[in-house]
Each structure stands twice: as C-alpha cells, then as structure tokens.
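Engineer: Provided herewith is a single structure, encoded as structure tokens, for subsequent inquiry.
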Amino acid sequence: MGISRHGPRRGPLRGRGRVRGPVSRRGVLAGAVGPMLAGPARAAQGPGLGGLAAARGIVFGTALTRGEAEASPALARIAGAEAALIVPGNEFKWPAHRPSAEGFDFRDADFMMRFAEEHRKPARGHALVWHGALPAWFEGAPRDAAGMRAMLERHIRTVAGRYAGRMQSWDVVNEPVEPWYRRADGLRETPFLAALGPGYIDLAFRLAHEADPAARLVLNEYGLEMANEDNAARRAAILALLRGMLARGVPVHALGIQGHLAAAARDFDAGVLRRFIREVAALGLEVLVTELDVTDRGLPPDIPARDAAVARMLRAFLDAALAEPSVRMVVVWGLTDRFTWMNDSRYARREDGLPVRGHLLDEALRPKPAWHAVADAFRAAPQR
Ligand code: XIL
C-alpha cells in the first residue's frame, strides 16, 4: 500500500494556515531544542551523495528549511557538502510568504535562496499552487472565477517573477490528482478547481512560464510508484493530465514523482514504475524524484530491522527509477530523522509512537544503511 496521507478526509483546505517547520525559530530561541550535536559523523568520507550522483550525470538534492538550518548548523554543513541542489522545504508555501491577501513576506524564502547561492547550488521552488498549505486568510478570499484568477496571477507573477533566473525549476502545481473524488479526470477537488475548473492547472503553468521563462516547470505528485489500484488510478490521471496539457501547448517540462515510500509495503514492482516513467518520458518530459523518504510505519520496533527495510525499499525504488535515463534528479525530503514531517503525518507516523527512521542520517546525523543504499544505487546507476 502507498501512503494516502493526503486523503480527502482532511478536507480540501487540509492543514491551512499551518506550515510548521519541524523546529520553529521561536522554539530554537526559547532553547526548546536539545544541545547542539558536537562533531557529528560526516555522512561521507568520499565524494558524498552529490558527487556519486554527479559521476552518473544525476543531480542529488535535499529539502531543507530555515528552521532546520538554524537549529542544526551541522545539518546545514552536511546539506551544503552532500547535496548539489537545495529545495526550501516550506519557505515557498503560501502560509510562509503570504501573511495576507495583499502582502508578501520573502524573508524566509530569501534566507533559503541565499543559503543555496552561497553554497553555489541551484534551488527548486516548491510550490506555486498547493491545496495542502493555504493560509487562514485564504478562506475569506474570492471564490469566483475572476477573483481566483486574479489571485493566482498576482501570486505567480510576484513569486516566480521575483526569483526569475534563480530557480532551476518550480513545482508549479503540487498534488493535483486524487481519484477518491471519482471525477472522470481524476483531479482533486480544491478551491482552485472549484473556481476555475481543470483549467487552473494550465493557467498556473502559463503564468509561471511568463514570469520565469528559464525555469523548468514541474507537475508534482505522490502515490505514483506502487503496483496497486490506487496508485494505478493516480498514474492514469497524471498521464491523461500531462497529455492534455501538452496537446494544449502548455509549458510543462517535467513530472515530479514525490517518492514518499513505505518500507512495509509489499507491492513495489520495478516493472510497473519503469513502464510509467517510460510513458512520461515518451511525452518528451523529464522525470524527477522530488521528495524521497520512507516511512517505517507498520514495521516492528527493532531498529536494525527497520533500518534494513528502509534501505531495501530505497534501493529497490532507486534501482528501478535510475534505470530510466529520463530520471536525472533525485531529491530527498530531508536528510535526517532529527527533522521529519513524517512524525506529524497521521498517514506516515508510527502507530507505536516511536520516531520514524525514514531518512538517510539518524538523529545524530550519522549515516544509516539508507545512506549507503542511496550511495550504492548511484554507483550502480547507468551513466546519463
Ligand atoms: C511538509 C514539510 O516537510 C513539513 O515541515 C510541513 O509541516 C508540512 O509539509 N508532500 C509535500 C511537502 O509536497 O510539501 C510536504 O512537506 C510533505 C509531503
């Protein structure tokens, strides 16, 4: 089974007004975070994951938030050393830079862009349109077509325009598909869809392209990798959506496969994933892995067993994905178990309350079997 953490049970405005970094800056200032870790093991003595990936023509990146970088300078150093690309984890979501319907506040976004640029790394923007993180004021925002259109225009022009030429790529629309709604097109019912119909997706991509013609524009989605009915419906909806967009001349350049995996899942099938990636590539699109991590929900508490299962899942997924030459970027959704969204997600967190061990480094930033699995997958990947 895949994780269907964004199931509609939470309603279309799930989590609005609350893009909480795992560590808020207030928490850090208040000393709520434990002592800084002294001299954590460097994840890599050799070239690091970024170097191993680059040797095969693959870009390895990580999500990182300002809260994480400030709470753990050691993590910031490792991210700077290991990753070849940075994705600000929350700073480009509406609650982070849209304090009001009129206003923008780019302090955290600018902080993360500076971080990337000082480390000479490209950045990806995540995300211009996402139903999953909307500020509280959004509820009072216009719901008619003209009002919604004006709001999207202003948002995308301002945000993508401000960073034009500095973003390697943008997740223009995040998670547009949700078969649970039983629409023929498989689209998720969001306030954007309600106001503008399916055309909101085309509109967002056209606006993003106008505002930043150099950025690669990505449609980003989860639940695309497993061999089950739910994921098959998501794949079909995404393929239909991409085909339609291309037929209408919409500037879409890539599909982002989030890659939130579950180590307990029994239904991974490399052939199914590879076939899907080939179908997307046949449309002339790139395929990126944009948010790789693995929940160990459903596995017994034993740590070595969990770590081994997470590593196996990562290796199986990456071996399949990287066998396809259209996959040239792998981004993990955080490097360390110390900061993970999965403990806060009702779909990804463990039922026994133990912290999820789903990233490459443990809470003390030491490499786990998962780190080595990713390193080995890069070493084994065919050359691009
Ligand atoms: C998560 C962040 O990691 C958390 O810090 C935040 O509280 C909620 O969002 N899919 C996505 C990401 O597209 O934006 C989500 O990030 C994780 C799931």
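Engineer: Name the single residue, out of those in region 338-354 being on the phi < 0 side of the Ramachandran plot and more than 15 Å from the ligand (Cβ to nearest atom), that is surrounded by the most Cβ atoms within 10 Å (Cβ to Cβ).
Structural biologist: Arg350
Engineer: Between a residue in region 169-192 that is closer than 18 Å to Leu239 by Cβ and any residue that is acidic (Asp, Glu) and assigned to a strand (DSSP E or B), which pairs come within a Cβ distance under 8 Å, given they are 6 or more apart or on different chains?
Structural biologist: Note: pairs meeting the criteria are Asn174/Glu221; Glu175/Glu221; Pro176/Glu221; Val177/Glu221.
Engineer: Filter region 29-75 down to the residues that are at pLDDT below 70 and in contact with a Phe, Trp or Tyr (Cβ under 7 Å, 6 or more places away or on another chain) and list them by number.
Structural biologist: Ala43
Engineer: Taking Leu207, is it buried (at least 20 other Cβ atoms within 10 Å of the Cβ) and within 16 Å of the ligand (Cβ to nearest atom)? Explain how you work it out, then say what you get.
Structural biologist: Details: buried (at least 20 other Cβ atoms within 10 Å of the Cβ): yes; within 16 Å of the ligand (Cβ to nearest atom): no.
Against the criterion (buried (at least 20 other Cβ atoms within 10 Å of the Cβ) and within 16 Å of the ligand (Cβ to nearest atom)), Leu207 does not qualify.
Engineer: Could you run through region 355-384 and say how many residues are over 16 Å from the mean Cα position of the chain (by Cα), part of a loop (DSSP other than H, G, I, E, B) and on the phi < 0 side of the Ramachandran plot? Before you say what the answer is, go through the steps one by one.
Structural biologist: Taking region 355-384 as the starting set, the residues that turn out to be over 16 Å from the mean Cα position of the chain (by Cα) are 355-357, 361-384.
After this cut, where a residue has to be part of a loop (DSSP other than H, G, I, E, B) as well, the list is 355-357, 362-366, 368, 381-384.
This time we only want the ones that are on the phi < 0 side of the Ramachandran plot, so: 355-357, 362-364, 366, 368, 381-384.
Residues flagged as over 16 Å from the mean Cα position of the chain (by Cα), part of a loop (DSSP other than H, G, I, E, B) and on the phi < 0 side of the Ramachandran plot within region 355-384 amount to 12.
Engineer: What is the one condition in (1) in contact (Cβ under 8 Å) with a residue 24 or more places away in the chain; (2) over 29 Å from Arg306 (Cα atoms) that Gly249 does not satisfy?
Structural biologist: (1)
Engineer: Exactly one of (1) surrounded by fewer than 24 Cβ atoms within 10 Å (Cβ to Cβ); (2) closer than 15 Å to Pro367 by Cα; (3) more than 16 Å from the ligand (Cβ to nearest atom) is unmet by Glu82. Its number?
Structural biologist: Looking at each condition in turn, Glu82 falls short on (1).
Engineer: Just for region 160-180: of the residues that are of a type outside the set (Lys, Arg) and more than 17 Å from Ile201 (Cα to Cα), which one is surrounded by the most Cβ atoms within 10 Å (Cβ to Cβ)?
Structural biologist: Step one: filter region 160-180 for residues of a type outside the set (Lys, Arg), giving 160-161, 163-165, 167-180.
Then drop every residue that is not more than 17 Å from Ile201 (Cα to Cα), which leaves 161, 163-165, 167-168, 180.
Details: Gly161: 13, Tyr163: 19, Ala164: 15, Gly165: 8, Met167: 24, Gln168: 19, Trp180: 16.
Only one residue fits best here, namely Met167.
Engineer: Follow-up. From the list Arg243, Arg278, which one is away from the ligand (no atom under 16 Å from the Cβ), basic (Lys, Arg) and out of contact with any Leu (no Cβ under 7 Å at 6 or more places or on another chain)? Steps first, please.
Structural biologist: Numbers: Arg243 fails: out of contact with any Leu (no Cβ under 7 Å at 6 or more places or on another chain).
Only one candidate qualifies: Arg278.
Engineer: Okay, moving on. Can you tell which of Ala160, Ala146 is closer than 18 Å to Asn220 by Cβ, assigned to a helix (DSSP H, G or I) and away from the ligand (no atom under 16 Å from the Cβ)?
Structural biologist: The unique qualifying residue is Ala160.
Engineer: Would you be able to say whether some residue in region 217-224 is under 19 Å from Leu314 (Cβ atoms), touching a residue at least 40 places away in the same chain (Cβ under 8 Å), of a type in the set (Asp, Glu) and touching a Leu at 6+ places or on another chain (Cβ under 8 Å)?
Structural biologist: No: region 217-224 contains no residue that is under 19 Å from Leu314 (Cβ atoms), touching a residue at least 40 places away in the same chain (Cβ under 8 Å), of a type in the set (Asp, Glu) and touching a Leu at 6+ places or on another chain (Cβ under 8 Å).
Engineer: With the structure loaded, tell me whether Ala194 is more than 26 Å from Thr62 (Cα to Cα), more than 16 Å from the ligand (Cβ to nearest atom), within 21 Å of the chain's Cα centre (by Cα) and of a type in the set (A, V, I, L, M, F, W, C) or whether it fails that test.
Structural biologist: Spelling it out, it is not the case that Ala194 is more than 26 Å from Thr62 (Cα to Cα), more than 16 Å from the ligand (Cβ to nearest atom), within 21 Å of the chain's Cα centre (by Cα) and of a type in the set (A, V, I, L, M, F, W, C).
Engineer: Looking at region 299-329, which of the residues that are small (Gly, Ala, Ser) and in contact (Cβ under 8 Å) with a residue 12 or more places away in the chain is nearest to His372 (Cα to Cα)?
Structural biologist: Checking each candidate, the answer is Ala311.
Engineer: Looking at Val272, Val287, Val330, Val294, which is the one that is more than 16 Å from the ligand (Cβ to nearest atom), closer than 24 Å to Val87 by Cβ and not in a loop (DSSP other than H, G, I, E, B)?
Structural biologist: Val287
Engineer: Checking the condition assigned to a helix (DSSP H, G or I), under 21 Å from Arg266 (Cα atoms), touching a Pro at 6+ places or on another chain (Cβ under 7 Å) and among the aliphatic types (A, V, I, L, M), which residue from Ala305, Ala311 passes?
Structural biologist: Among Ala305, Ala311, only Ala311 is assigned to a helix (DSSP H, G or I), under 21 Å from Arg266 (Cα atoms), touching a Pro at 6+ places or on another chain (Cβ under 7 Å) and among the aliphatic types (A, V, I, L, M).
Engineer: Moving on to the next point. Which of the residues spanning region 202-219 are among the charged types (D, E, K, R) and part of a helix (DSSP H, G or I)?
Structural biologist: The answer is Asp202, Arg206, Glu210.
Engineer: What about Leu335, is it surrounded by 22 or more Cβ atoms within 10 Å (Cβ to Cβ), within 18 Å of Glu68 (Cβ to Cβ), of a type outside the set (D, E, K, R) and more than 16 Å from the ligand (Cβ to nearest atom)?
Structural biologist: No, not satisfied.
Engineer: Scan region 113-134 and report the pairs whose first residue is part of a helix (DSSP H, G or I) and whose second residue is among the charged types (D, E, K, R) and away from the ligand (no atom under 16 Å from the Cβ), with Cβ atoms within less than 8 Å and a gap of 6+ or a chain change.
Structural biologist: Pairs that qualify, where the first residue is part of a helix (DSSP H, G or I) and the partner is among the charged types (D, E, K, R) and away from the ligand (no atom under 16 Å from the Cβ), are Met113/Arg166; Glu117/Arg166.
The values are calculated or read from the model by the stated rules, or taken from the named source; none is laboratory data. As the structure is a prediction and not an experimental result, all values here were calculated from the model. No Cβ is skipped: glycine too gets one built from the backbone with ideal geometry, and neighbour counts run over all protein chains shown.
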